[in-house]
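The values are calculated or read from the model by the stated rules, or taken from the named source; none is laboratory data. Just so we're clear, the structure is a prediction, and the values are computed from it rather than from any experiment. Backbone-built Cβ (ideal geometry, glycine too); neighbour counts: all protein chains shown. Each accessible area value is taken on the protein alone, full model and side chains, heavy atoms only, with ligands, DNA and RNA left out. Shrake-Rupley method; radii C 1.70, N 1.55, O 1.52, S 1.80 Å.
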Amino acid sequence: MKKILVIGSAGQIGSELTLALRDIYGGENVIAGIRKTKPSEKLSETGPVEVVDALDMDNFVSVVKKHNVDAIINMAAILSATGEKNPMLAWDVNMNGLINVLEVAREFEMKQVLVPSSIAVFGPTTPRDNTPQETVLKPTTIYGVTKVAGELLGDYYVKRYGMDVRGLRYPGIISNETLPGGGTTDYAVAIYYEAIKNKKYTCFVNAETRLPMMYMPDCLKATIDLMQADFSKLRHHSDFNVGAMSFSVAELAESIKKHIPEFEIKYEPDYRQEIADSWPNSVDDSAARQEWGWEPEYDLDAMTKDMLEVIGDKHKKGLI
Ligand code: AKB
């Protein structure tokens, strides 16, 4: 792989993944694709940045040609909560964007495409605990519908065109560099910022809500490990379950209270409760472990310690 284009480089995962890939492959070999958001200094100082809209083929193809791109990571997506507010937008960005990525990759004979999926592929009729790799995929959000279709499309391009397409079902991702936007699992990030800034948080899902989650260092590791895995050893391609930890909001609040005893949490569930209730408590990721050696590092308390240190430091410096 020589030239990787990361579409959605200003987003929660894209921003950190682009920098991690630049450390491995060299800054000039990883092109940050952004849309409207101004790139961070870190992003613009460490390698090329291009405005890329996967829905605008002329623009997309011109960037691919300009940089001789031979691998694409498509991190651009409308997430679950925003998707329910605007289903057509979610369909357009998540499906039309994806098919354009796959078609451009096919036309330019790219070496690899990474198309992220999500625990949102599951729905209320899926087994909730230790959700199997192969199971019922009947999501009730438009985001989930696009992610199921995305997995199927990815696998179709592998079978039909012999392309190298890979993807993981990300759980809720918790990080301290770029805020997530429009997801149901965003509470698990916001709670840390509010704990540091105001010592209290009002959560939009109830105390018992339990979801699979992952800290950003593990998310980067999972993504890069899958990208670097030997393709011939993969039995699955676009749909790997990846687990790391699973906790309720009450357990998350307790973990924070170990460091900030005066922290208070209130619950005011809104429409996102139903979305969270339709997703698994935990996932079985044995296929990822067997096929490419997936192993997470962070548990809840290790993540909380790190999150509070980093965000606390930013707060002291007046950055948040
Ligand atoms: C969301 O909450 O929509 C995302 C996801 C789990 O894919 N974070």
Histogram of C-alpha separations across the range 22-72, 10 Å bin width, %: 25, 55, 21
Total lysine pairs under 27 Å (Cα atoms) in the range 224-319, excluding pairs fewer than 8 apart on one chain: 16
Full-extension gain in nm, Thr125 to Lys42, via 0.36 nm per residue minus C-alpha separation: 25.6 nm
Residues of type aspartates and glutamates that Lys85 reaches as a straight line, Cα spacing below 20 Å, ignoring anything fewer than 8 places off in the same chain: Asp186, Glu268, Asp270, Glu274, Asp277
Relative contact order, percent, the range 107-186 [alpha-carbon distance under 8 Å, six or more residues apart]: 37
Approximate spin-label separation Met57-Glu268, in nm, with each point projected 7 Å along Cα-to-Cβ: 4.7
Of Pro212, Pro127, Val145, farthest towards positive along the dipole that unit charges on Lys, Arg, Asp, Glu beta carbons give the chain: Val145
Overall dimensions of the chain as given by Cα atoms, namely Rg and Dmax in Å: 18.9, 58
Mean-position separation - Cα centroids, the range 1-45 and the range 80-134, in angstrom: 20
DSSP beta bridge pairing in the chain, given as percent antiparallel to the nearest 5: 10
Surface per residue (accessible, 1.4 Å probe) for the range 52-161, Å²: 44
Share of carbon and sulfur in the accessible heavy-atom surface of the chain [1.4 Å probe, %]: 50
Highest to lowest packing among 75-82, 61-68, scored as the average C-beta count within 10 Å: 75-82, 61-68
Proximal aspartates and glutamates relative to Lys65, as straight alpha-carbon distance under 13 Å, when same-chain residues fewer than 8 apart are discounted: Glu50, Glu107, Glu109
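For the chain, what relative contact order do you get, as a whole percent, if you take Cα pairs closer than 8 Å and at least 6 residues apart?
18
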